[in-house]
Amino acid sequence: MKTTPITVKRETKETNISLTLCREGTKQIHVQTGLPFFDHLLTSFAFHGGFDLTLEAIGDLTVDPHHTVEDVGLVLGDGFHRLLETSGQVMRYGYSIIPMDDALCEAIVDVCERPYLVYRVEYPESLAGSFPISILREFFYAFSHRARINLHLLARYGENCHHLAESLFKAFGKALAQAYQPVGGSKEGMSTKGTL
């Protein structure tokens, strides 16, 4: 049975973002942020995670991509936190390791309501096309804190920024899909403490 889609909107003086997210993916993905490489990464994330995703962002790209990338992380993180709130008990843990040509990246997730990011990714170049690759850490930091998850992202190796980033986003999507899989029952059953 398909769940009701989650919708999130965020409007500031810097960005205007709308999101629709559904766990049961039917390959309905539309991403438009004004940053083609970032769109590509988010589309890969949703496709390989099996999520339906509609995400539109208008940001102050004349300044730089920072606000748009970070705020998309905030909005997507809010969406996944709402997904947990409507799902009851989920698997909680997720793990994926994905190769892409020369690159190998892994993502480990704990849906624990205690936000933390470990980001061990080194890129051999500063740009993927015209996209400043280091800004991706801001996206993952924003996401992990708004989703309230423990997120570890590791690049084992890689020689190409595009391959590293795409491998990372695919692993991220698959790990989240596993962690947010419903198992029945209430969230109290997700921890020996009786609560997250």
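Please treat every number below as a calculation from the coordinates, not as lab data. Quantities reported herein were computed from a predicted structural model and do not represent experimental measurements. When we count neighbours, we look across all protein chains shown, and the Cβ atoms used for this are built from the backbone with ideal geometry, even at glycine.
With r defined as the distance between the Cβ atoms of D64 and L154 and R0 fixed at 30 Å, what FRET efficiency is calculated, to the nearest 0.05? Present the calculation step by step, with values, prior to reporting the outcome.
Working: r = 27 Å, r/R0 = 0.90.
The formula returns an efficiency of 0.65 here.
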key: Rounded Å value of the spacing that divides the Cα centres of the stretch 44-63 and the stretch 127-156   = 14
task = With a point put 7 Å past each Cα toward its Cβ, work out how far E11 is from R114 in nm, to one decimal.
result = 3.8
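Please label the shape of the stretch 6-190 as rounded, prolate or oblate, based on the square roots a ≥ b ≥ c of the eigenvalues of the alpha-carbon gyration tensor (a/c under 1.5 means rounded; beyond that, a/b larger than b/c means prolate, else oblate). Before the final figure, lay out each step's value.
On the way: a/c = 1.71, a/b = 1.21, b/c = 1.42.
Taking the square roots of the gyration eigenvalues as a ≥ b ≥ c, the stretch 6-190 is oblate.
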